[in-house]
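Report on one structure; see the data block that follows.
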Amino acid sequence: MTLHRRRRHLVVQGMAYAWMVAVWVLLWGDLSVANVLVGMVLAFVITTVLPMPPIDFHGRVRPLGVVRVLGHLLVEVTRASFQVSRIALSPGPAPRGAVIGVRLRSHSDLYLTITAELASLVPGSLVIEAHRLTGMLYLHVLDAEAAGGIEAHRASVLLLEERVLRALASDDELERAALPVRRAVSTGSQGPAGSTRPSRSWRRTVRR
């Protein structure tokens with residue numbers, strides 16, 4: 001393994017290590033020294049004793065897309081937290097839970113895993129199974145009739161996946177997922193044949 005590939009491997013492994021610690025702390029909902037230490041031990045055990053097969057990343061990180069993912073997650077977590085609190089404090093029959101299946105657009109292990117992890121962080125929903133070959137996620141939702149019903153829950157997961165893809169996927173991966181690629185429209189300076197706005201030198205030629 002070359003020095004460059006070794007450095008890249010260490011960076012990717014470190015990011016995965018930090019991500020597992022962060023998920024552990026978020027699942028417990030308590031940022032304490034004990035939770036961080038336990039998360040570090042579990043991350044070490046998972047990455048050394050139970051190593052996952054390597055996942056190639058062919059996309060590109062878009063900072064604005066990452067911000068949109070985090071903003072979307074924050075909104076969903078806040079909204080779901082109020083709904084779960086209302087269910088817990090309101091008298092009456094228990095909500096009707098359900099297990100729903102969502103077929104993701106992309107079959108990439110990386111994007112499937114990120115989408116599943118983020119969906120599990122939303123209160124009231126939990127990913128219980130993921131099929132990497134079919135791209136199916138199965139989630140248990142606390143209240144299947146809340147916020148528009150089952151179809152609304154499916155649409156919410158698909159929107160989360162779209163945010164993840166637009167933050168990390170390449171243009172080719174977006175096209176394979178049937179998502180329109182937002183390409184910048186060039187105003188160019190190619191003259192009358194290559195642009196709707198002629199170049200300055202061509203305009204001078206026309207005036208002559």
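For segment 114-167, GluC sites (Glu not before Pro) meeting the loop criterion (DSSP other than H, G, I, E, B) and having at most 14 other Cβ atoms within 10 Å: E145. The length gained on full extension between E129 and A22, counted as 0.36 nm times the residue separation minus their Cα-Cα distance, comes to 36.4 nm.
How about segment 52-118: which trypsin sites (Lys or Arg not before Pro) there are in a DSSP loop, with at most 16 other Cβ atoms within 10 Å of their Cβ?
On the way: sites: R60, R68, R79, R86, R96, R103, R105; in loops: R60, R96, R105.
Here the sparse-neighbourhood loop sites are R60, R96.
Only the coordinates and a few stated rules stand behind these numbers; no lab work does. Everything quoted here is computed from the prediction, not taken from an experiment. In this analysis, Cβ positions are derived from the backbone assuming ideal geometry, glycine residues included, and neighbour counts consider all displayed protein chains.
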